[in-house]
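Got a structure for you, written out below as structure tokens; questions coming shortly.
Quick note: the coordinates plus some simple rules give every number you see, no bench work behind them. Note that the coordinates shown come from a computational prediction; the quantities given were computed from them, not determined experimentally. Quick reminder, even Gly has a Cβ in these numbers, built from the backbone with ideal geometry, and neighbours come from all protein chains shown.
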Amino acid sequence: MRHWRLLSLSCIGLCAWLWYLAGQSASTGTTHVAATSQRPVTEAPHMIEQQSNAAMPAQAEHCGAIVKAHKHQLDDWILALQSEQLEHNWAQYTHRLPLCLQELAHDYMNYKQALTEVETTLTIHERFEALQTLQGQYFSDEVIAAWFADESRWNAQTLERWKILSDQSLSEQTRDELMDAHISQLPQEERETIVATQTLVTLKHSWKTMDYNRLSARYGDEAAERLMQARQSQTDWAQRVADYKQQRDVILAQEPDSTSHDKIAALEQALFSENEQKRLAVLLGND
């Protein structure tokens, strides 16, 4: 029994010593991949920023299969560089990434730069084709599948909706039916996003012409009241601006320059609050 106790104590001591050595190795920056893998790949930007002064040790081992979380890690790395105003010299800071992501970092940054050079006048169809072409130029099929599959699927669905909405041969009823059928087959989260967007678009284009009853029926009483108040505020503002311009023109036509400035300033103070005067200055500057 005594030998078993000694053996147990020896094992405990050995484990404690190994644990100590492991802690020492971690503190000297020689941590193995097994340790670094415990840190989430999608580490928040502020966590990376806190480690900026002590560069993240490069890992010689492979990251494993490419997954979308690796793209998130690169995005976090970019945000950290932006917060330190180091983004323009990003190539000097790839050592903060695991070694297996450093080459991908170059591809990703070059891809993002290429995106800024895509013509803004392209149609939605041409733009999606340009995105796919650029992805093929900078990434392998494995990376494209892992990083851009969801984006490509969303773009394809957006393109389908665009084709329906831009088809002038369709009646409004047929167009609505095709859109409803298209949206109904999407995942619930995407359906909710599209429906919310459609509601905002409809509201933007129609709220100024809809009466209270129609607004209430579609958006509820509380929203209808706020929209009616907003509409009245806009009408009052437009009327005051028109009155101001009319009286200002009369002052400029009748008064000499030495007194017209003071009278116009007094007119502005009479018709507008301090914040409204700033808004008026912007409005007049754009005339």
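Over the Cα atoms of the stretch 146-287, compute the convex hull volume and normalise it per residue, giving Å³. Walk me through the intermediate numbers first.
Numbers: hull volume 30.2 nm³, N = 142.
In the stretch 146-287, the Cα hull volume divided by residue count equals 213 Å³.
As I understand it, the dipole of the stretch 218-274 uses +1 on the Cβ of Lys and Arg and -1 on the Cβ of Asp and Glu, about the Cα centre. Which of Ser258, Ser273, Leu227 lies farthest toward its positive end?
Looking along the dipole axis, the top candidate is Leu227.
Just want the answer: with Cβ charges of +1 for Lys and Arg and -1 for Asp and Glu, which residue in Gln132, His106, Trp90 is farthest toward the dipole's positive end in the stretch 89-135?
Trp90
How high is the FRET efficiency between Glu222 and Ala266 when r is their beta carbon distance and R₀ equals 35 Å, given to the nearest 0.05?
Numbers: r = 40 Å, r/R0 = 1.14.
It comes to 0.30.
Still on this structure, I have one more. In straight Cα distance, which aspartates and glutamates are under 19 Å from Lys163, not counting same-chain residues fewer than 8 positions off?
Glu126, Glu129, Glu151, Glu172, Asp176, Glu177, Asp180, Glu190
Let me check I have the definition right: for the stretch 221-281, take the eigenvalues of the Cα gyration tensor, multiply each by 5, take square roots. What are those semi-axes in whole Å, largest first?
31, 11, 6
Still on this structure, please answer the following. Provide the gained length on full extension for the span Ser169 to Val67, in nm with one decimal, where the gain is 0.36 nm per separating residue minus the Cα-Cα distance. Intermediate results must be reported in sequence, preceding the final value.
On the way: separation 102, 0.36 × 102 = 36.72 nm, distance 4.30 nm.
My answer for the length gained is 32.4 nm.
Quote the FRET efficiency, to the nearest 0.05, computed for Ile251 versus Asn275 with a Förster distance R0 of 22 Å and r equal to the Cβ-Cβ distance. List each step's numbers first, then the result.
Numbers: r = 23 Å, r/R0 = 1.06.
My answer for the efficiency is 0.40.
In nm, what is the difference between 0.36 nm times the number of residues separating Tyr111 and Gln92 and their Cα-Cα distance? Spell out each step's value before the answer.
Values: separation 19, 0.36 × 19 = 6.84 nm, distance 1.77 nm.
Extra length available between Tyr111 and Gln92 comes to 5.1 nm.
To continue, here is another question. In the stretch 146-162, whose amide N lies under 19 Å from the spot 7 Å out along Cα-to-Cβ of Gln137? List them in ranges.
Correct set: 148, 152.
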